[in-house]
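The values are calculated or read from the model by the stated rules, or taken from the named source; none is laboratory data. Because the structure is a prediction, the values reported are computed rather than measured. We place every Cβ from the backbone using ideal geometry, glycine too, and count neighbours over all the protein chains shown. Side chains are part of the model used for accessible areas, which takes the heavy atoms of the whole protein and leaves out ligands, DNA and RNA. Shrake-Rupley method; radii C 1.70, N 1.55, O 1.52, S 1.80 Å.
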Amino acid sequence: MKIHPAYEMLRPGKKFPNVWCPGCGHGIVQGAIIRAVERLGINRDEVAMVSGIGCSSRMPVYVDFNSLHTAHGRALPFATGVKLHNPKLHVIVITGDGDALAIGGNHFIHAARRNMELTVILMNNNIYGMTGGQYSPTTPIGKKASTAPYGCAERDFDACALAVAAGAVFAARGTVYNAVELDKMIEKALTKKGFALVEALSPCPTLYGRLNKEGSAVKMLQTQKANTINLKAAEKLTPQELEGKVVTGVFHDGEAQPYTEVYQQIINKAQGR
Amino acid sequence: MSKQIKLWQGNEACAEGAIYAGCDFFGGYPITPSTEVAEILAALLPKHGGKFIQMEDEIAGIGAILGAAAAGAKSMTSTSGPGFSLMMELLGYGCMAEIPCVIVNVQRAGPSTGLPTKGAQADVMQTRWGTHGDHPTIALCPSSIEESFKLTVKAFNLAEKFRMPVILLLDEFIGHMREKMEVPKPGELEIYNHPRPKVDPKEYQHYGDGSSVGGPYAAMGSGYRFNITGLTHDKHGFPTSRLDEIQWKMDRLRDKIDRHLAELTEVEEEFLDDAEIVIFSYGAAARSSQQAVRQARAKGIKVGLLRPTTIWPFPDRIVTDVLKKCRTMLVAEISQGQLVYEVERCNKSNTKVVPVLRYDGEMITPAQILKAVEEAQK
């Protein structure tokens, strides 16, 4: 029997089945991360996966890396400490829309500003899943959530634009529908020296889908396909034509000196070298 | 090597003590009156090849030091009341995940933003009970500059040994007081570094060494892959809801302190042998208490001083024994009496317990304590 190459990166035994609901997109993102690490030939001992709290943040339990499941919103400060103390580690931060952009919003912009070398995978399902469907900073205005029974009154965050404005060297948005493209984005993000964000749009049929009558998991994937548009195609459309569409693609791919390199220079200076 | 004599303030002695202990990571957020600890470490750490980072808030500060410690650093943060309040969630995380680090709280007068440049000893209960859930804490309280240095070193040793955050509970009076001290020579004070595992990575259990203290545990990136979580976890560090595993974890957190009380508890005693009146006092307040004891002794009053340097775990047995032998115990502290109830809890002999308190931001004076002693003498 041929064993899937990802199999040995998963933890055996009582860690499975995972907490994710049928139809959840997070497993596809997990697969994309595993494939990217495998293709880049990164030694698993040199990967640290750090997460916050929420559905997505359960991933470190399932993947056989050094793993640190922290408190709600606090993955980035922990990851900053891990990376700064041991710059040899590839630090992958697993987070969700509520975790990264609400309670962890301040940490998010400051980690990007410092250009900490972190690969941040933000799984955006537009809702608080684990807590039971409350609205998040990415729930679109007017959409329903358990704490927005009449429709969400708040405007939503664009995580990629926020990261770029704060100083990230890489920001991309992909979907679990376009899994091949997502693989490439994550692979690219892992090679960046600096704060790299991949926002993965991941459907939540159990809560977001049910509350907003979006149909089955398959239907939600079809909607994701229909409602997203690639950056290059979007550039040719008028704002009216783009109404209701979510733009995907690589928004920023730049360079800036990463934090641990800057800090090494500080150490050299302090030691008179 | 000749003697190195320094005129340091408590915060400075604390920062220097951290370097002596082998601290190689500081993450924190500036707050009065603890800022000197961060400022001095910002200068010292890179000289020693360590890392300093000023985070965006106190929550990020403690998060960064916990992350660094998980990756193998000896890490520290420093703060004061409002910042300490913000750190509570991750202090609990550090206790649950059993991550060693040192948290310095240079107490200022509160509540809330209170009196930033004035001192207090009113965070002692928050130190013990500030986080949610059941777990013990370790907190050390220096009364002098030299002790600020030595107890910082001890805090690191206990953190490494007991594998948990250890709190150095300074107060503004000690933090900003300058005093002469002789700097310990390298090797003079014991430095404890916890052992690293030698077993095959396949057999490694991050919490499964069979002993609650002193056991080997790995750093991230050292070839041992393990999971750390704030969720209740099994010996491998993976989340569990199994009743026996929950029980094991909770007992483990409690027992590692409860079974080592004698080792953890440290008190200083002065004139206790024949004391009819005993002053219980710690930190800055103990300096005034010591002066008051000497003045009272000069007047022929049989008074003694019991000064714990470990405030948590509380020295129950010692306090109970001293209470049995004396007529009155005065509890002198710079708060509305946070430790009075602790002393009364230990009182199995109907000894009179009298609070001697000051909480207007100023230092409690020897005169105030001496007056209380004289009243107790009547």
Determine the total buried accessible area between chain B and chain A, counting protein heavy atoms only with a 1.4 Å probe; round to the nearest 100 Å². 3300
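How well do other chains shield peptide A:96-106, expressed as the mean number of their Cβ atoms within 10 Å of each residue Cβ?
Numbers: counts 0, 0, 0, 0, 0, 0, 0, 1, 3, 0, 5.
Per residue, the average neighbour count from other chains is 1.
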Percent relative contact order for segment A:185-270, counting Cα pairs under 8 Å at least six residues apart, stands at 28
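Listed here are the pairs B:Lys6/B:Lys185; B:Lys74/B:Lys154; B:Lys180/B:Lys302; B:Lys302/B:Lys352; which of them are more than 23 Å apart at the Cα? The partial results should precede the final answer.
Working: B:Lys6/B:Lys185 13 Å; B:Lys74/B:Lys154 13 Å; B:Lys180/B:Lys302 30 Å; B:Lys302/B:Lys352 16 Å.
Table pairs above 23 Å Cα-Cα are B:Lys180/B:Lys302.
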Inter-chain Cβ neighbour average for residues B:37-49, partner chain, 10 Å: 2
Explain nothing, just compute: Karplus ³J(HN,Hα) = 6.51 cos²θ - 1.76 cosθ + 1.60, θ = phi - 60°, for every residue of segment B:138-147 in order, whole Hz, x for Gly and Pro. 10, 9, 10, 10, x, 10, 9, 5, 4, 5
So the angle from the long Cα axis of helix B:10-21 to the longest Cα principal axis of chain B, reported in degrees to the nearest 10, equals 40
Magnitude of the Cβ-charge dipole (Lys and Arg +1, Asp and Glu -1) of chain A about the Cα centre, nearest 20 debye, reported as 340
By how many degrees, 0 to 90 and rounded to 10, does the Cα axis of helix B:35-47 deviate from the longest principal axis of chain B? 40
Using amide H atoms built 1.01 Å from N in the peptide plane, name the residues 5+ places from A:Glu154, or on other chains, whose amide H lies under 5 Å from its own. A:Gly142
Provide the per-residue ³J(HN,Hα) series for segment A:191-199, in order, calculated from phi with Karplus coefficients 6.51, -1.76, 1.60 and θ = phi - 60°, each as a whole number of Hz, with x at glycine and proline positions. 8, 6, 9, x, 6, 10, 10, 10, 8
Residues of segment B:168-249: accessible area per residue at 1.4 Å, in Å²? 49
In whole Hz, with x marking every Gly and Pro, tabulate ³J(HN,Hα) for segment B:87-93 from phi via Karplus 6.51 cos²θ - 1.76 cosθ + 1.60, θ = phi - 60°. 7, 3, 4, 7, 5, x, 4
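Going down the list B:Lys256/B:Lys348; A:Lys143/B:Lys249; A:Lys188/B:Lys51, which pairs span over 32 Å between their C-alpha atoms?
A:Lys143/B:Lys249
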Just to be sure I understand: with springs between alpha-carbon atoms less than 10 Å apart, which residue in A:Met220, A:Met185, A:Met123 has the highest mean-square fluctuation in the Gaussian network model of chain A? A:Met220
Would you list, by chain and number, the lysines whose Cα falls below 17 Å from the Cα of A:Lys184, excluding same-chain residues fewer than 8 positions away? A:Lys192, A:Lys193, A:Lys232
For chain B, which whole-number percentage of the solvent-accessible area (1.4 Å probe, protein heavy atoms only) is attributable to carbon and sulfur atoms? 50
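For chain A, what is the mean residue ellipticity at 222 nm derived from helices alone (per DSSP H run of n ≥ 4: -39500 (n - 2.57); sum divided by total residues; nearest 500 deg cm²/dmol)? Numbers along the way, then the final one.
On the way: 10 runs with 92 residues, N = 273.
Roughly -9500 deg cm²/dmol at 222 nm, from the helical runs in chain A.
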Within-12-Å neighbourhood charge of B:Tyr341 [Cβ basis; K, R +1; D, E -1]: -1
For B:Gln291 and A:Asn18, extending 7 Å from Cα along the Cα-Cβ vector and measuring point to point gives, in nm, a value of 6.4
How would you rank A:228-234, A:116-122, A:22-28, highest first, on the average number of other Cβ atoms within 10 Å across their residues? A:116-122, A:22-28, A:228-234
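Given the peptides A:133-139, B:245-251, A:198-204, arrange them by the average over their residues of other C-beta atoms within 10 Å, most packed first. Provide the component values of the computation, followed by the final result.
Details: A:133-139: 23.4, B:245-251: 15.0, A:198-204: 27.0.
Highest to lowest by the protection proxy: A:198-204, A:133-139, B:245-251.
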So B:Glu344 and B:Gln54, fully extended at 0.36 nm per residue minus their Cα-Cα distance, gain in nm 100.2 nm
Show the residues, 5+ positions off or on another chain, whose built amide H is closer than 5 Å to the amide H of B:Val267. B:Thr309
For helix A:26-40, report the angle its Cα long axis makes with the longest principal axis of the Cα atoms of chain A; keep it between 0 and 90° and round to the nearest 10°. 30
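So how do B:101-109, B:366-374 stack up, highest first, on mean other-Cβ count within 10 Å?
On the way: B:101-109: 28.9, B:366-374: 19.3.
Result, highest mean first: B:101-109, B:366-374.
Could you work out the mean count of beta carbons from other protein chains within 10 Å of each residue's beta carbon in B:53-62? Walk me through the intermediate numbers first.
Working: counts 9, 0, 9, 11, 4, 0, 8, 12, 2, 5.
Taking the mean over all residues of the peptide, I get 6.
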Taking H placed 1.01 Å from N in the peptide plane, check which residues at least 5 places from B:Ile228 or on another chain put their amide H under 5 Å from its amide H. A:Ser67, A:Leu68, A:His69
